[in-house]
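The values are calculated or read from the model by the stated rules, or taken from the named source; none is laboratory data. Note that the structure is predicted; figures quoted are calculated from it, not measured. Positions of Cβ are generated from backbone atoms using ideal geometry, with glycine treated the same way; all protein chains shown enter the neighbour counts.
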Amino acid sequence: MSRTPPEASNKPSAPDVLVVGGGIIGLVTAWRAAQRGLSVTVVDPEPGGGAAQVAAGMLAAVTELHYGEQTLLGLNVASAARYPAFAAELSEVTGQDLGYRACGTLAVALDADDRAHLRELHALQRKSGLDSEWLSGRDCRRLEPMLAPGVRGGLRVDGDHQIDPRRLASALLTACERSGVVLRRAWADRLRVVRDRACGVTLTDGTELDAGQVVLAGGSRSGQLAGVPDEVLPPVRPVKGQVLRLTVPRRYAPFLSRTVRAVVRGSHVYLVPRVNGELVVGATTEELGWDTTVTAGGVYELLRDAHELVPGITELPLTETRAGLRPGSPDNAPLLGPTALPGLHLATGHHRNGVLLTPVTGDALAHALVTGELPEEASPFTPRRFSAATLEQPA
Ligand code: GLY
């Protein structure tokens, strides 16, 4: 009679997929992969944490349109369209309210420069086939009476909504647990590569975890995992954002009925009102490496700009100040799917759009893990666009 060697019988079987990083991108990948029948482990010391704990949760495909980002726009719009069904499914599975609010957005101008900027954005939106409506200052104030009298005009975008990213993270964690995803609360230290194939990770305590495939979804830290060969190391960097949270007392409600935003002296400011009375004000954009200090200057600038838009904001209790790190990429777009190293996938580099791109990222990564290929809508976001061979100039 043959006997199984004792060390083999004690070793847990390797999951099909090991996800490094338990922020919303790692969790949605794990959840969707588990729904496709794959066994999944997520490695993260604090799953459900990460940039989603700071993010405002705007789903702003139309108002955050930028020149040169037409390809990203396609993915953003696809993900925004998926949000109602995604949020309903996640709520249904978990019994949790995600704070998804189809409230729309109003982008306003405070001076002639802002107005010119918004007019340009409006033209670009129309050229891109997106819905937005130009409003006079008076019409903006009719929609949002708390706006400053000096508002010169604005763009009404009824399709840009919001979700509460903290609730989203918590629900994804529950969904993962309910679909059998194993949460390993630890730090991944090093990618393990055997015979030119990613085959798992080593944790900081030395434990070796095997897996059929590895997904690197570590947000701004994704480029830091040891053992990842240079050719496939994701070119992501931390981009700091400081964000404030205020509370609207019941007697002031409704303070704002939709997201209000503007570019004030070149800086973006947005105010995102939640149903529960929270008002999120964001965000700075700072290239300061790993620094997550909340600074007096950052808080001052956000409050100053928000106050120019909505003067009554100074009456509200300031309940939280926080800084987070966006995972920036060279072209501001995510890196999704298989890399040139067999067995290694990326789901990172979502920069300003992590919350918005959560549904489409989960679907794309699950598809890639099952079939080995990205679905067509996600194919422009292959990490291979940054590989050395692609960047080489023709002779
Ligand atoms: N998408 C908003 C931000 O990154 O600040």
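Name the residues in the range 289-346 that are in a strand (DSSP E or B) and of a type in the set (Lys, Arg), would you? Step through it out loud before you land on a result.
Taking the range 289-346 as the starting set, the residues that turn out to be in a strand (DSSP E or B) are 318-328, 335-338, 344-346.
Those that are in a strand (DSSP E or B) and of a type in the set (Lys, Arg): ARG322, ARG326.
Go through the range 139-257 and tell me which strands (runs of 3 or more DSSP E), entirely inside it, have 3 or more residues that are more than 26 Å from the chain's Cα centre (by Cα) and modelled with pLDDT of 95 or more. First the steps, then the outcome.
On the way: elements: 153-157, 182-184, 188-194, 197-203, 208-210, 213-216, 237-247.
Strands (runs of 3 or more DSSP E) meeting the threshold: 188-194, 197-203, 208-210.
List the residue pairs whose Cβ atoms are under 8 Å apart, where the first residue sits in the range 60-73 and is touching a residue at least 24 places away in the same chain (Cβ under 8 Å), the second is acidic (Asp, Glu) and within 13 Å of the ligand (Cβ to nearest atom), and the two are 6 or more positions apart or on different chains.
Every condition considered, the pairs that remain are ALA60/ASP160; ALA61/ASP160; VAL62/ASP160; THR63/ASP160.
Need pairs with beta-carbon distance below 9 Å; first residue free of Cβ contacts under 8 Å to residues at least 12 places away in the same chain and within the range 349-374, second more than 16 Å from the ligand (Cβ to nearest atom) and in a helix (DSSP H, G or I); sequence gap 6+ or separate chains.
Every condition considered, the pairs that remain are HIS367/ARG32; HIS367/ALA378.
Being of a type in the set (A, V, I, L, M) and closer than 20 Å to VAL263 by Cα is the filter here, so list the residues in the range 50-67 that pass it.
Quick first cut of the range 50-67, residues of a type in the set (A, V, I, L, M) only: 51-52, 54-56, 58-62, 65.
If the condition is that a residue be of a type in the set (A, V, I, L, M) and closer than 20 Å to VAL263 by Cα, then ALA55, ALA56, MET58, LEU59, ALA60, ALA61, VAL62, LEU65 are the ones that fit.
I need a count of the residues in the range 258-288 that are assigned to a strand (DSSP E or B) and of a type outside the set (Val, Ile, Thr). Outline the logic, then answer.
Start the filter on the range 258-288 by keeping residues that are assigned to a strand (DSSP E or B), which leaves 259-264, 267-273, 278-282, 286.
This time we only want the ones that are of a type outside the set (Val, Ile, Thr), so: 261-262, 267-268, 270-271, 273, 278-279, 282, 286.
Summing the residues that are assigned to a strand (DSSP E or B) and of a type outside the set (Val, Ile, Thr) in the range 258-288 gives 11.
Tally the residues that are of a type in the set (Phe, Trp, Tyr) and either within 16 Å of the ligand (Cβ to nearest atom) or within 17 Å of the chain's Cα centre (by Cα) (or both), restricting the search to the range 39-85.
Pass one, the range 39-85, residues of a type in the set (Phe, Trp, Tyr): 67, 83.
Checking the rest, the ones that are also either within 16 Å of the ligand (Cβ to nearest atom) or within 17 Å of the chain's Cα centre (by Cα) (or both) come to 83.
The number of residues fulfilling the criteria is 1.
Pairs, please: C-beta under 9 Å, at least 6 apart or cross-chain, first residue basic (Lys, Arg) and in the range 269-288, second assigned to a loop (DSSP other than H, G, I, E, B) and within 15 Å of the ligand (Cβ to nearest atom)?
ARG274/GLY57; ARG274/ASP164
Residue by residue, here is whether (1) surrounded by fewer than 20 Cβ atoms within 10 Å (Cβ to Cβ); (2) away from the ligand (no atom under 15 Å from the Cβ); (3) over 17 Å from the mean Cα position of the chain (by Cα); (4) of a type in the set (Lys, Arg) holds:
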site	(1), (2), (3), (4)
ALA283	no, no, no, no
GLY298	no, no, yes, no
THR314	yes, yes, yes, no
PRO330	yes, yes, no, no
ALA333	no, no, no, no
LEU346	no, yes, no, no
HIS350	no, no, no, no
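Looking at the range 352-372, is at least one residue farther than 30 Å from GLY298 by Cα, part of a loop (DSSP other than H, G, I, E, B), more than 16 Å from the ligand (Cβ to nearest atom) and over 16 Å from the mean Cα position of the chain (by Cα)? Write out each step before concluding.
Here is the first cut: in the range 352-372, the residues farther than 30 Å from GLY298 by Cα are 359-372.
Still in the running and part of a loop (DSSP other than H, G, I, E, B): 372.
Okay, now just the ones that are also more than 16 Å from the ligand (Cβ to nearest atom), so 372.
Those left that are additionally over 16 Å from the mean Cα position of the chain (by Cα): 372.
Scanning the range 352-372, I find at least one residue that is farther than 30 Å from GLY298 by Cα, part of a loop (DSSP other than H, G, I, E, B), more than 16 Å from the ligand (Cβ to nearest atom) and over 16 Å from the mean Cα position of the chain (by Cα), so the answer is yes.
Out of (1) crowded, with 18+ Cβ neighbours inside 10 Å; (2) over 30 Å from TRP187 (Cα atoms), what's the single condition that is false for ALA52?
Condition not satisfied by ALA52: (2).
For the range 1-14, does any single residue satisfy the condition of being modelled with pLDDT of 95 or more and in contact with a helix residue (DSSP H, G or I) (Cβ under 8 Å, 6 or more places away or on another chain)?
Here is the first cut: in the range 1-14, the ones modelled with pLDDT of 95 or more are 14.
Filter again for in contact with a helix residue (DSSP H, G or I) (Cβ under 8 Å, 6 or more places away or on another chain), leaving none.
No, that holds for no residue.
Please work out if SER39 is among the hydroxyl-bearing types (Ser, Thr, Tyr), at pLDDT 95 or above and surrounded by fewer than 24 Cβ atoms within 10 Å (Cβ to Cβ).
In short, yes.
Just one of (1) farther than 21 Å from LEU121 by Cβ; (2) of a type in the set (Ser, Thr, Tyr); (3) surrounded by fewer than 23 Cβ atoms within 10 Å (Cβ to Cβ) trips up THR71, so point out which.
Of the numbered conditions (1) farther than 21 Å from LEU121 by Cβ; (2) of a type in the set (Ser, Thr, Tyr); (3) surrounded by fewer than 23 Cβ atoms within 10 Å (Cβ to Cβ), the odd one out for THR71 is (1).
Could you list, in sequence order, all residues of the range 74-84 that are surrounded by fewer than 20 Cβ atoms within 10 Å (Cβ to Cβ), touching a residue at least 60 places away in the same chain (Cβ under 8 Å) and under 16 Å from GLY362 (Cβ atoms)?
The answer is ALA78, ARG82.
Take LEU288 and tell me if it is at negative phi, within 16 Å of the ligand (Cβ to nearest atom) and surrounded by 23 or more Cβ atoms within 10 Å (Cβ to Cβ). Walk me through how you get there before you give the answer.
Details: at negative phi: yes; within 16 Å of the ligand (Cβ to nearest atom): yes; surrounded by 23 or more Cβ atoms within 10 Å (Cβ to Cβ): no.
Criteria not met by LEU288.
Pick from LEU309, LEU318: which is buried (at least 20 other Cβ atoms within 10 Å of the Cβ) and over 16 Å from ALA51 (Cβ atoms)?
Numbers: LEU318 fails: buried (at least 20 other Cβ atoms within 10 Å of the Cβ).
After ruling out the rest, the residue left standing is LEU309.
If I go through the range 224-236 residue by residue, how many of them are surrounded by fewer than 19 Cβ atoms within 10 Å (Cβ to Cβ) and under 16 Å from GLU287 (Cα atoms)?
Going through the range 224-236 one residue at a time, the tally reaches 1.
Are any of the residues in the range 26-33 touching a residue at least 40 places away in the same chain (Cβ under 8 Å), touching an Asp or Glu at 6+ places or on another chain (Cβ under 6 Å) and of a type in the set (Gly, Ala, Ser)?
Within the range 26-33 (the criterion being touching a residue at least 40 places away in the same chain (Cβ under 8 Å), touching an Asp or Glu at 6+ places or on another chain (Cβ under 6 Å) and of a type in the set (Gly, Ala, Ser)), the answer is no, since none of the residues qualifies.
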